[in-house]
Amino acid sequence: MHILNVVGARPNLMKMAPLVAEMARHADFQQTLLHTGQHYDDQMSQVFFDELGIPQPDIYLGVGSSSHARQTAQVMTAFEEVLLAHPPDLVIVVGDVNSTLACAVAAAKLNVPLAHVEAGLRSFDRAMPEEINRLVTDALADLLFTTSRDANENLVSEGIPAEKIHFVGNVMIDTLTQQRARAEGLGTPQQMGLVPGGYALLTLHRPSNVDDVSIFSGILDALTAIQKELPVLFPAHPRTRRQMQAFGFQARLEAAPNLRIVEPLSYLRNLDLMMHARLVLTDSGGLQEETTILGIPCLTIRENTERPVTISEGTNTLVGSDPQRIVAETRRILTGKAKTGRIPELWDGRAAQRIVNVIRTYNTKDTKENL
Ligand code: UD1
């Protein structure tokens, strides 16, 4: 079976790594790895290949950054050529970035079977670009692999046949489980002058937070207050850095010396810093899940989440972008009132194994003919 695996942006890489490794254990798979080039800086892409032992991509589309429509169109155009030249038996896309959507559409139009890993997540907020990507990708996929039971319910309620949906657990947690011991020994907090258990880790890059000057300014007010009580380490995404410059936040950042802005971190460094943090402040999807597994309190700077299991079972709390709420919830944690959670069902490090088992028994021809 020839499988065409697609990655494009940073959060795809820790999801694809265990799938590539698991398929490599079976002689009946021939794999091609394609990178769209949506993320291209070494620290947003190559460093994850190196650390996670992902083989170098066989095909690199090099699309780079653009507007949503342009970037999506460029991936679709280039990906269609790849599909026409060497039609695979199955395309696997992961997550919810623009590359996921673009490759899903191109594959579906050519009637190439499509698997979506991390299907069914819904924030029910269509102002979020990822929500559009999730809805379209799931509508087109032939195999939908979910991380939680609520995702199955979302898909069924959208009319997706139950036999296409497979609740398999969380591949990102497979990677975390495999890499945890390696990360823990690195001593990253100490090397960065931080005391384990004595700092907050912050990530922020959602357009809803960093593209609106008054919202971003309010979040910065909250961070300015928090850094007086606890050092905050802030590996800044390139778009966030750009926005801080555009909004003229320089003087305010200088007046907050314990808010330390650094370059984006590698997977292992980030994991090491997360597992030793007092709390994590974030608007990332992945960090909400990773902190749940690590048992680290997470405050999510968003009004909603497509990952409700991290709230109902994990350590996550939604705090929105209201500065007072962000500070108040941080103080709750600092005064020992942090949420404790449990590990969600099937987040056990074996999701890739389950996915590969399903794919091996999937008869692509039959399924396509029956659609
Ligand atoms: C994308 C995903 C988002 C994911 C995030 C993780 C979409 C719609 N969004 O958002 O779901 O959480 O990746 O990082 O797909 N840039 C660089 N170097 C790079 C890549 C990007 O400098 O290697 C800068 C460029 O200025 C670019 C901007 O970041 O315009 C945004 O990049 P883009 O891939 O469009 O979206 P992200 O914000 O990274």
Is it true that some residue in the stretch 90-108 is more than 17 Å from H35 (Cα to Cα) and among the polar types (S, T, N, Q)?
no
Being surrounded by fewer than 24 Cβ atoms within 10 Å (Cβ to Cβ), within 16 Å of the ligand (Cβ to nearest atom) and without any contact (Cβ under 8 Å) to a residue 24 or more places away in the chain is the filter here; which residues of the stretch 125-150 pass it?
R126, L135
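Results for (1) buried (at least 21 other Cβ atoms within 10 Å of the Cβ); (2) closer than 19 Å to N209 by Cβ, shown as yes or no for each residue.
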site	(1), (2)
L271	yes, no
P323	no, yes
I326	yes, yes
R332	no, no
R342	no, no
Kindly check whether there is at least one residue in the stretch 85-95 that is touching a strand residue (DSSP E or B) at 6+ places or on another chain (Cβ under 7 Å), under 20 Å from L143 (Cβ atoms) and within 16 Å of the ligand (Cβ to nearest atom).
yes
Taking strands (runs of 3 or more DSSP E) that do not extend beyond the stretch 261-371, which have at least 2 residues that are among the polar types (S, T, N, Q) and not assigned by TED's automatic domain parsing to the domain that holds L52?
316-318
Residues that are in contact with a Ser or Thr (Cβ under 8 Å, 6 or more places away or on another chain), among the small types (G, A, S) and within 11 Å of the ligand (Cβ to nearest atom), drawn from the stretch 281-298:
S284, G285
Hey, A277 under 18 Å from the mean Cα position of the chain (by Cα) and crowded, with 23+ Cβ neighbours inside 10 Å or not:
no
Screening T282, T305 for residues that are within 15 Å of the chain's Cα centre (by Cα), under 22 Å from M44 (Cα atoms) and β-branched (V, I, T) leaves only T282
Of those in the stretch 181-193 that are surrounded by fewer than 19 Cβ atoms within 10 Å (Cβ to Cβ) and touching a residue at least 24 places away in the same chain (Cβ under 8 Å), the residue nearest to Q288 (Cα to Cα) is E184
When residues of the stretch 12-47 are limited to those that are within 21 Å of the chain's Cα centre (by Cα) and among the acidic types (D, E), the one nearest to H116 (Cα to Cα):
E22
Which residues, taken from the stretch 188-228, are over 17 Å from T282 (Cα atoms) and within 16 Å of the ligand (Cβ to nearest atom)?
none
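The values are calculated or read from the model by the stated rules, or taken from the named source; none is laboratory data. From a predicted model like this one, the values you see are computed outputs, not experimental measurements. Counting neighbours? That spans all protein chains shown, and the Cβs are built from the backbone with ideal geometry, glycine included.
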